[in-house]
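One structure is given here, and the rest of the page talks about it.
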Amino acid sequence: MPVSANSAGADAGPGQGISYCTAQAFLCESWDLFGVDDTRLNGNLVPPVGGNSQPIIGLPPSYGPRITKVGDGSRKIFASDGARAVIPSASGGINVERPPEYLISSDISRTNWDNTSYADWGAFGGWTHSAYRTAVPGNATHPAAIDTRIWAYRHGTLGAFKAAGQYRMNAVFFDGHGETLDDLASSNPALWLPRGSSIQPLLGCSGSAVAGTKTVWSDAVTTYCPGLTSTSSVWVSP
């Protein structure tokens with residue numbers, strides 16, 4: 001049953017919180033991003049935990065939400081199937097995921113300050129709140145108790161704990177075309193980041209992220225970010 005952070009108990013009706021997610025990084029201004037205490041943080045997106053200034057994504061200094069700045073619009077996702085929000089139930093326990101749910105609140109601490117109601121960093125790694133892939137062996141320290149791919153990737157198999165590639169989501173790109181992507185293909189970080197953005201794919205996630213996850217899923221690093229040697233290795237989006 002949907003829940004409300006408001007004592008009045010607003011009810012959105014029954015059902016899982018599935019819908020569509022816009023790609024968060026494309027919506028940001030590089031010079032106008034804020035931390036949990038509303039202070040400016042040098043133009044970088046930061047993890048959704050107070051006191052940790054390690055950037056998730058470094059946007060190009062001149063970036064703003066303009067179609068001319070995203071890069072190749074045929075390879076940049078504007079929106080995709082998603083879920084609001086699949087959040088780890090424990091950072092280190094065996095029940096590392098729970099089904100998506102509605103949460104009606106204006107309190108950003110309850111809805112993850114770095115996500116709007118239906119926007120997400122993207123399906124490329126552990127900072128997502130929509131497309132977790134911890135059910136894939138090697139992507140997290142602990143195996144998932146619930147395979148939440150069946151919500152975000154709802155156009156492929158509906159069975160849980162199947163091999164990567166059997167789960168599929170629909171995505172709309174900035175040039176207007178649509179594609180169906182399997183869960184590994186959707187983990188290409190270039191699809192979700194403006195051209196020139198930088199990330200550290202091997203850097204571990206923290207805070208609300210699941211223990212053992214990386215900025216890019218481990219099974220996607222080999223395919224899309226080859227040649228990296230350490231957690232400080234930087235990958236730049238084409």
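FYI, it's all coordinate maths here, none of it is from the lab. Note that this is a predicted model, so its numbers are computed, not measured. Virtual Cβ from ideal backbone geometry, glycine too; neighbours counted across all protein chains shown.
Some notes on this structure:
- 29 Å Cα-Cα reach of residue 162 towards lysines, excluding residues that sit fewer than 8 places from it in its own chain: 76, 214
- Order by protection proxy (mean Cβ within 10 Å, highest first), peptides 66-74, 139-147, 127-135: 127-135, 139-147, 66-74
- For residue 18, distant residues with modelled amide H under 5 Å away: 84
- Spin-label pair residue 233/residue 141, simplified geometry with 7 Å Cα→Cβ offset, distance in nm: 2.2 nm
- Counting neighbouring beta carbons within 10 Å and listing from fewest to most, the residues 21, 225 come out as 225, 21.
- Residue 170-residue 27 pseudo-label distance in nm [points 7 Å out on the Cα-to-Cβ vector]: 2.0 nm
- Residue 197 sits among other residues whose Cβ lies under 12 Å from its own Cβ, and their net charge, with Lys and Arg +1 and Asp and Glu -1, is +3.
- Given R0 = 30 Å, the distance between the Cβ atoms of residue 161 and residue 198 translates into a calculated FRET efficiency of 0.35.
- With a simple spin-label model that places each label point 7 Å from the Cα along the Cα-to-Cβ direction, the separation between residue 180 and residue 19 comes to 2.5 nm.
- As a proxy for reagent exposure, 62, 198 were ordered by neighbouring Cβ count within 10 angstrom, fewest first; the result is 62, 198.
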